[in-house]
1. Restricting the count to DSSP beta bridges whose residues both fall in the protein assembly as shown, what percent are antiparallel, rounded to a multiple of 5?
2. Compare the peptides A:460-468, B:123-131, A:787-795, B:159-167 by average per-residue count of other Cβ atoms within 10 angstrom and give them in order, highest first.
3. Below 8 Å, C-alpha to C-alpha, sequence gap of six or more: please give me the relative contact order for chain A in percent.
4. Using only Cα atoms, locate the centre of the stretch A:263-319 and the centre of the stretch A:507-538, then give the distance between them in Å, rounded to an integer.
5. Express the relative contact order of the stretch A:1-90 as a whole percentage, based on alpha carbon pairs under 8 Å and six or more residues apart in sequence.
6. Between the stretch A:41-120 and the stretch A:419-458, how many Å separate their Cα centres?
7. Between residue A:320 and residue A:155, what is the label-point separation in nm under the 7 Å Cα-to-beta-carbon projection?
8. Once both labels are modelled 7 Å past Cα along the beta-carbon direction, what's the residue A:470-residue A:498 spacing in nm?
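Where a number appears in this text, it was derived from the coordinates with a stated rule and is not lab data. The shown structure was predicted, so the numbers you read here are calculated from the model rather than taken from an experiment. So basically every Cβ, Gly included, is an ideal-geometry build from the backbone, and we count neighbours across all protein chains shown.
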């Protein structure tokens, strides 16, 4: 999230698209409502279903799942055609003026794809910028050159007319225009608009581009960096922001440092290749500090006893271009690649797309460790529906962990706010905190390597672990020590120049906490486990524990409540909330204000704002200093283009001959996926599965229900798997509310209770009546009544019905992130248990 | 007993830990149902469910959670909670929690309760066996990659930040590259 939850109250228009906060982030509605009550803000909700959020919105527009880029592309056209963009912002703070390689071909002139496509992969040679002899990007400040980003943008989206968009999305044209008009009203300096999105945008084969389209709109309207603006990624778990920040993904080390690949043999190669450079004269290019953050991370892994070079070599490298993400893991697992598997605090047997494949895959490993609070469909997969335990070799360890009120530590919410939690009660039974469990495994493994040796043993035996103490056979993990490790230390006595005041020096002692990441060093004299959290622990204590109530700006920044990364900044990119002379675009909502007397910024911690009038472009995380309307770094195109979901109800993409995202990896191709990976309705519509199906959440459950299904209050309120459908579809299928139905796809089926509502309406898609159904994804067999029980099994106090929605979803991912397309796939629904 | 809500927190030690930050401890917005939570020790927590980050007061008497309610001091939720956040009590007090490490032997039909030490020992041996058998010093191109190809991990956003850092350290130290979690789905 660029801004934070309380900041919703500062918005004039709130676009809810790709999310349903009233149901899924319910307390956030407090601040949405505050904006309505206090500012007269307007709420727009765009969703295939008339959700609880839609019910509270001023304007609701339905759209067919998977057509968001068409919808938003039409909005870009509307903004440009009607000159509703924030011209000064666009000119100075985005790459609108950059000149692009004249050889670039846009989809409209190239059969629906950008230039450079071969075998599902883009050669991005023609996507480059024109550069002068000094290597500086050529620009046209008048924005009139036909090859400048602004003109290309106009040309690209000129195809997204309201007529075409309406035929694709099923959104009535008058509704489209109403949404465009209202949202585009925030393009004025004194207006703010925010978009709230969640998995409704990420879980598509064009997920990254869905979000990019909105970011581009926000840039055109000057809505990034300001109070009440931004793009709000509302995440699905209490700490999924924090777990991502800390690199629990194959492609990133903590702090978004890209994982090294084999071609970068030495630390020097890695630093050279991965540190962005720029010739743009006023650009700060913050990532030029990469070497410091890498050194800090390596020190947090191996301390000072190993050289930085050796620490780099010891750590695992990826193959260039290879993908090790979720869908690949379960594909490889199914094909017997792994002997061991950790499912730690996760329930992939329900949360993984194509859960049938996941459940089969779990039977192909020799051993699995599953750590959780409750018995779950993953740990017990071997005794699930259709499984014969006597044929399943997997040795399973199900380890009980302590709950969040039984231990201490911190989590980071969507607003990047790190808050501390305290231990209230003893651990349940013999459960232990995750930190104790992983430490104990680590020390046992370390001992084995010390005794017996093994390949690259030093990578394990030399790893530092000063995170608690041994007591007998147990290890007690101390989160406060780890919080300090994440922040970072000086590892030797050192005097360094103040990074913000030239000529001023400060001396540090070995063991001193590093004040902020600006003080980190590239020579190994400082450590920092995750540089973006540097500054979270200081001599004042662990700042995420703070409970201060002060709000001097009145904007709800609450800068003394807990701590947010980076450097306690509450609204990132806030340097773009002021004009070139440092004046806030909207003085009534000033995030930062220049105090000429003290020569410093006040309000929020400034981001990228140089001294007024110095000409520093504010988007300092981009090498060129400006935000990207044109994004040549992505896998599937520098501008978002509408492509149909892989499984879709239409024969053709009405915008081009290219039906699906050309850069996605299909698992049904020879030599790619497995025999279980089947799709329907790809080349042509498949009458067996005529309806669009989408997954969603309800307030009363969380994720796969792995915790909430065991809580009787919640299980009573939402007792089981249902399928929601329109009255028209129900009539066609002879289904009534309460009937048992079977929802099926090319991959599996799930028994659901029918809920017939007017919340779904058939779409008119280019003259065809198209139906969409929806299913929640919180259920699983372990808490059902009719499963077999063994002696000693836990039995849910209130049973739920039905199994996982993901038994239906396909193995297909976004072209950039490989997040599965769980929000649009083709299904059938019939009455009865079939 | 007439102790303010902040008074309870002070007694619990939760606020004592931050009092060095120069923060006022005086009651701000609290109106406790004091009878119900009399003589209880209070600590604060943050809801483990969605990503809004609502603060919750946990009241404990005799080592048992007796009440949970929204924390009125949190600028995010100002005491409000949704149906899930309001049910934290049932996550804390729940006899269906797993209380013992469980082990399922290959081809077995049932779980068996085991001791931690036995489980950790066996897991460590498995890790070593899988790692040693699948470790790749160099890849097909002859580049040094130092990775363990035979073990994968998913998890977890359900852990604390500190544990996430430590877990990635554990996995990368072992040489894993197949490291994923909830953020990818």
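1. On the way: 70 of 118 bridges.
Once the DSSP bridges in the protein assembly as shown are tallied, antiparallel ones form about 60 percent.
2. Output ranking for A:460-468, B:123-131, A:787-795, B:159-167: B:159-167, B:123-131, A:460-468, A:787-795.
3. Rounded, it is 16 percent for chain A.
4. 16 Å
5. Across the stretch A:1-90, relative contact order equals 23 percent.
6. About 48 Å separates the Cα centre of the stretch A:41-120 from the one of the stretch A:419-458.
7. 3.2 nm
8. About 4.6 nm, to one decimal.
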